1. Tell me, what is the per residue accessible area of the range 58-139 in Å², probe radius 1.4 Å?
2. Between the alpha-carbon centers of the range 49-108 and the range 6-48, tell me the distance in whole angstrom.
3. Skipping prolines and chain starts, which residues have an amide H placed within reach, meaning under 5 Å, of the one on Gly7, given they are 5 or more residues away or on another chain?
4. Can you compute 3J(HN,Hα) from phi for each residue in the range 25-30, using the Karplus curve 6.51 cos²θ - 1.76 cosθ + 1.60 with θ = phi - 60°, rounded to whole Hz and x for Gly and Pro?
5. Could you derive backbone 3J(HN,Hα) for the range 108-121 from the dihedral phi with the Karplus parameters 6.51, -1.76 and 1.60 (θ = phi - 60°), listing whole Hz in sequence and x where the residue is Gly or Pro?
6. What residues have an amide H closer than 5 Å to that of Leu31, excluding those fewer than 5 places away on the same chain, when H is modeled at 1.01 Å from N in the peptide plane?
7. With Cβ to Cβ distances under 15 Å as the rule, what net charge do the other residues near Thr139 carry (K, R +1; D, E -1)?
8. Please report the carbon-and-sulfur percent of the accessible area for the range 1-120; probe 1.4 Å, protein heavy atoms only, DNA, RNA and ligands left out.
Amino acid sequence: MISSVRGLVLSALGLTASSATVVIEVGGVGLAVQVTPATALGVRVNDEARLMTTLIVREDSLTLYGFPTADELTVFELLVGVTGVGPKSALGVLAVLTPNQIAQAVAGDDDGAFRKVSGIGPKTAKLIVLSLAGKLAVTTASAPSRQPGATSVAASVQAALIGLGWSERVAAEVVDETLTELADVAGPDSAPPAVAAVLRLALGRLGPAAHHAPGSAAAAATGKDLS
């Protein structure tokens, strides 16, 4: 079992609304790791990155899934243990909801939170809530992190959404709404939110894109190869 990887980020590829592939060089070998869009936007090519990982073994494939925190990895492994939820769907859930939001949805018996995820139907959403009941703890605060200025955050997230297929107008509107909501909750003296957090919330508002364009715009905003 490969429980974590640390190394130079060679590329970030195939960005969609629910997943991306980050290639990390470990001991001279490039490992392709499946991650959420927020995780892909949180790393930079030619910088070092460390991800918590789990290896999913199938008859015809070996697929490595990576997460920036142990909480995300734990939730992913719980989700893939639910009948009807495969690794791709589990990654899709984490692309839309944070581990704490998932825990809150489960604690509140809110299966509607999972129905917003592409590929998760009403029956599966209900089964997720029932299967994860009592297995997740709701937290009231998250660890602080270094964050860029609000203007830079807005530009990066908007460019990423355009790269995923949404129009410039729609991307601008949802980013503005998301940042306004976050500012109302956090207060005027709080630090600017992280790009990954804003992207996750924006994707949750928009739902699945009608089509996915190559990630050239996202690459321009974040300095990474997403093509």
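1. In whole numbers, the range 58-139 has 49 Å² accessible per residue.
2. Here the two parts' Cα centres lie 16 Å apart.
3. Ala49
4. Computed from phi, the couplings for the range 25-30 are 7, 10, x, x, 10, x Hz.
5. Computed from phi, the couplings for the range 108-121 are x, 6, 9, 6, x, 4, 8, 6, 6, 7, 4, x, 9, x Hz.
6. Under 5 Å from the amide H of Leu31: Ile24, Glu25, Val26.
7. Residues near Thr139 contribute -1 overall.
8. Exposed carbon and sulfur together represent 47 percent of the surface.
The values are calculated or read from the model by the stated rules, or taken from the named source; none is laboratory data. Remember, it's a predicted structure, so these values are computed and weren't measured experimentally. Glycine gets a Cβ as well: all are built from the backbone with ideal geometry, and neighbour counts include every protein chain shown. Keep in mind that these areas ignore ligands, DNA and RNA; they rest on the heavy atoms of the full protein, side chains included. Shrake-Rupley method; radii C 1.70, N 1.55, O 1.52, S 1.80 Å.
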